[in-house]
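Notes follow the structure.
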């Protein structure tokens with residue numbers, strides 16, 4: 001009989017601890033995520049299933065939440081603007097591919113550290129004669145920006161807009177422009193080997209900013225526990241070099257799918 005009270009007390013404490021752990025684990029067991037559907041190698045629509053999003057950022061999010069007991073549902077919502085609107089509204093919890101922008105801080109919580117650094121370079125013809133040591137050297141040159149890059153850099157404002165990197169590169173080869181502004185990984189994804197051999201990127205980069213995961217302020221899943229756990233897991237994965245490896249792997253996957261598409265259209 002003497003052991004009954006300590007035993008009951010111990011069970012009560014265990015129940016309280018278990019209850020606290022459950023509360024700490026957040027409000028939901030499923031996260032809905034989206035991003036730009038045409039942003040390789042970060043995110044793109046799977047060639048085998050047009051409703052499915054794949055890419056380096058998708059793989060990274062799945063690794064981030066693997067230890068949290070939370071499931072992830074990837075939702076194809078359209079281009080970058082549509083993806084942002086779905087997250088801002090709270091209909092979708094997480095945006096997979098966004099630069100940190102001050103005007104978004106009232107709508108989104110950005111996960112730190114960044115997934116990667118987006119570096120926008122000036123791409124020029126692969127020939128001598130273009131002297132460059134800083135972005136200021138581009139001031140008197142004819143440039144063009146592209147609509148299919150992952151971010152819209154302020155430095156590109158005022159430049160003519162090409163719909164695609166390939167279209168811009170065509171103008172570059174013809175001598176209609178002196179340089180093309182485009183993000184490094186996106187350019188590597190969108191240009192084949194022959195095209196890459198015709199251009200070179202000027203260093204240093206014209207602009208650089210981090211690409212982040214971001215959680216909607218209106219998401220029912222947004223709480224201190226989730227934000228803290230995502231930051232912790234991101235820090236550990238960054239230290240292990242995981243995001244960079246995923247980018248390299250998905251760049252190769254994107255190129256394989258692109259070659260397969262091109263081969264099928266030629267039949």
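None of the figures in this text is laboratory data; all of them are computed from the coordinates on show. Predicted model, so just to flag it, every value in this text is computed and none were measured. Cβ: placed from backbone, ideal geometry, glycine included. Neighbour counts: every protein chain shown.
Might you check whether a residue that is surrounded by fewer than 14 Cβ atoms within 10 Å (Cβ to Cβ) and more than 15 Å from the chain's Cα centre (by Cα) occurs anywhere in the range 90-103?
yes
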Find the residue count for the range 220-267, including only residues that are within 19 Å of the chain's Cα centre (by Cα) and outside any helix (DSSP H, G or I). 2
Those residues of the range 42-62 which are crowded, with 16+ Cβ neighbours inside 10 Å and not in a strand (DSSP E or B), in sequence order: 42, 47, 55, 56, 57, 58, 59, 60, 61
Could you look through the range 112-122, keep only residues that are within 16 Å of the chain's Cα centre (by Cα) and surrounded by 23 or more Cβ atoms within 10 Å (Cβ to Cβ), and pick out the one that is farthest from residue 43 (Cα to Cα)? 120
